[in-house]
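Structure record follows, encoded as structure tokens.
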Amino acid sequence: MTTQETRAETRSPGLVFPTGFVWGAATSAYQIEGAVAADGRGTSVWDTFVNQPGHVVGGENADVAIDHYNRYREDVRLMAGLGLTAYRFSVSWPRIQPDGAGAVNAKGLDFYKRLVDELLAHGVDPWLTLYHWDLPQALEDAGGWPERDTASRFADFAALVHDALGDRVTNWSTVNEPWCAAFLGYASGEHAPGRREPAAAIRAAHHLNLAHGLSAQAMRAQRAGSLIGGCVNLYAISPATGSEADRDAARRIDGLQNRFFLDALLKGAYPEDVLEDLRAVTDTDFIQDGDLALIGAPLDTLLVNYYSRFTVSGAPGGARSAAAAPTDSGSPWVGSEHVGFVNGGRPVTAMGWEIDDAGLYEILTRLARDYPSVPLVISENGAAFDDELTADGRVHDQERLAYIDAHLRTCHAAIEAGVPLRGYFAWSLMDNFEWAWGYGKRFGLVYVDYPTQRRVLKDSALWYAEAARHGGLPGAGE
């Protein structure tokens, strides 16, 4: 492990965050662990997907990823050295239940026991996410998330993990970004399992929500002290113009991206206008009595992943998204495939995503205003840039540093405005396998030299470490 001797200059923070504010970083199992055939791990839909031609840039896969399965102790020491107070990670369902049901693979579960113990020994609070898209292939072969039974199998899995780790892990989240799992996995085909079946995607979205509700119910029945949250990826949405077509486009995309999941989790209902938008694609007979009451049971935390803003147009022939999938894919916008995504004129990251910290403020204040009060945490926020390891052994990623700084200042402003924001997790702790983009997009605070697996702290990591240690940010001009 490389840790630069030079540390960012210590400063007195100009913006002080509340006592107890969580300073964390996040990863996901499939993107970092590797060891896909080790110790009885089963096959996931992503293992299948990446090994099919045309799905991942350069034909890359995550068989090794960044070898966290074997290097987790080194990585935990790195977290502690950065002064992180928390680490958000996910567990691999097929590592714990190779076929998605039945007996526990003890060796797989033992890895997470060791990881949690290592985190606690170094003073880093584990925040565990149960599902970050690595569905066991056996369950996909049985129909996947469009089948209701998958939600029940997930609840069983959640209970197994919670029973084993609930004595040491307090903060739990159920399903990471159900929008992505449903609509990128089953509508556009950009993500595993790579299906392009719009009606199936809608059923998948509901069953992912149901999986949240069932798993939360199962965990609460086991242990009253666990804090359980849902995790959504939200976007600020703007119409390209004031025209009726563009305003309707904004309503549609906000509905499918944001309100379909927020209303279910926080109000126990699906928005009627969204169901109307989807009615031409499918009926809603898969929504059974009692489902939404279960999904909408009170949360301990809402985890919010935020990256960018969408500017949309409903005009015929509107521009498509500049941040399209890297490989051939369909549209994820079921029922609203005509909507175009236009350039809002803002700077962009290496992903082509527009940088707009004002959108984060818009999202946070909207949540506080329009939904039942629940503690909020930014569970992912970050940016990919074209990082390079320079001759001095450093990675001078000033663009990422500026991105995180701006978004943290926005978080502080939201707190000052009364938003119950409790913490921030940078995405991601380390460079890793970026799904269909392979290894070409680097989000990490820590640079990974993939051929050697050497870890190098970027300038943004050194800066973030100072913020975490001092509980705040430098004042203007410092």
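Since only PHE111, ALA181, ILE66 are under comparison, the one whose Cα sits farthest along the positive direction of the charge dipole of the chain, derived from C-beta charges on Lys, Arg, Asp and Glu, is PHE111.
Each Lys and Arg contributes +1 and each Asp and Glu -1, all at the Cβ; summed about the Cα centre of segment 40-79, the dipole is approximately 160 debye.
The orientation-averaged projected area of the convex hull spanned by the Cα atoms of segment 348-441 comes to 7.1 nm². Computed with a 1.4 Å probe on the full set of protein chains, the accessible area for HIS207 sits at about 10 Å². Over segment 125-249, all Cα pairs binned in 10 Å intervals from 0 give whole-percent P(r) values of 13, 38, 28, 15, 5, 1, listed from short to long.
The residues of the chain present an accessible area of 35 Å² per residue when probed at 1.4 Å with all protein chains retained.
Between segment 377-401 and segment 238-301, the C-alpha centres lie 35 angstrom from each other. ARG223 sits among other residues whose Cβ lies under 12 Å from its own Cβ, and their net charge, with Lys and Arg +1 and Asp and Glu -1, is 0. Report, as a whole number in µm² per second, the diffusion coefficient that Stokes-Einstein gives for segment 422-478 at 37 °C and 0.692 mPa s using the Kirkwood radius over alpha carbon pairs. For these conditions, the coefficient is 256 µm²/s. Cα centroids of segment 404-478 and segment 142-191: 26 Å apart. Rounded to the nearest 5, what % of the DSSP beta bridges within segment 13-158 are antiparallel ones? Here the antiparallel bridges make up roughly 10 percent for segment 13-158. Placing unit charges on the Cβ atoms of the charged side chains and taking the dipole of segment 394-478 about its Cα centre, the candidate lying farthest along the positive direction among LEU429, PRO474, HIS407 is LEU429. Taking every alpha-carbon pair within segment 301-406, the share separated by more than 17 Å comes to 66 percent.
When the charge dipole of the chain is built from unit charges on Cβ atoms (+1 for Lys and Arg, -1 for Asp and Glu) and taken about the Cα centre, the candidate among GLN217, ALA142, THR170 whose Cα reaches farthest toward its positive end is THR170.
Overall, the accessible surface of segment 83-233 at a probe of 1.4 angstrom is composed of carbon and sulfur to the extent of 48 percent.
Quick one: dipole size for segment 3-114, taken about the Cα centre, charges +1 on Lys/Arg Cβ and -1 on Asp/Glu Cβ, in debye to the nearest 20. Write down the numbers at each step before the final one.
Working: 11 positive and 12 negative charges, 87 e Å.
Dipole magnitude for segment 3-114 comes out near 420 debye.
Given +1 at the Cβ of Lys and Arg, -1 at the Cβ of Asp and Glu and no other charges, the dipole of the chain around its Cα centre is 820 debye to the nearest 20. Cα extents for segment 208-345 along the principal axes, largest to smallest and rounded to whole angstrom: 52, 32, 31. Expressed to the nearest 5 percent, the antiparallel share of DSSP beta bridges inside the chain is 25 percent.
Checking every one of the trypsin sites (Lys or Arg not before Pro) in segment 241-304 against DSSP loop status and a limit of 13 other Cβ atoms within 10 Å picks out ARG279.
Within segment 194-244, the ratio Rg/Rh, alpha carbon atoms throughout and Rh by Kirkwood, equals 1.19. By accessible area, using a 1.4 Å probe on protein heavy atoms only, segment 347-434 has 51% of its surface on carbon and sulfur. Using a simple spin-label model with pseudo-atoms 7 Å out from Cα toward Cβ, ALA80 and VAL57 lie 3.6 nm apart. Above 45 Å, the calculated P(r) of the chain contains 5 percent of its Cα-Cα pairs. When the helices of the chain are scored as -39500 (n - 2.57) per DSSP H run of n ≥ 4 and the total is divided over every residue, the value at 222 nm lands at -10500 deg cm²/dmol.
Pairwise alpha-carbon distances in segment 386-465 exceed 23 Å for 29% of all pairs.
The values are calculated or read from the model by the stated rules, or taken from the named source; none is laboratory data. Predicted model, so just to flag it, every value in this text is computed and none were measured. Quick reminder, even Gly has a Cβ in these numbers, built from the backbone with ideal geometry, and neighbours come from all protein chains shown. Keep in mind that these areas ignore ligands, DNA and RNA; they rest on the heavy atoms of the full protein, side chains included. Shrake-Rupley method; radii C 1.70, N 1.55, O 1.52, S 1.80 Å.
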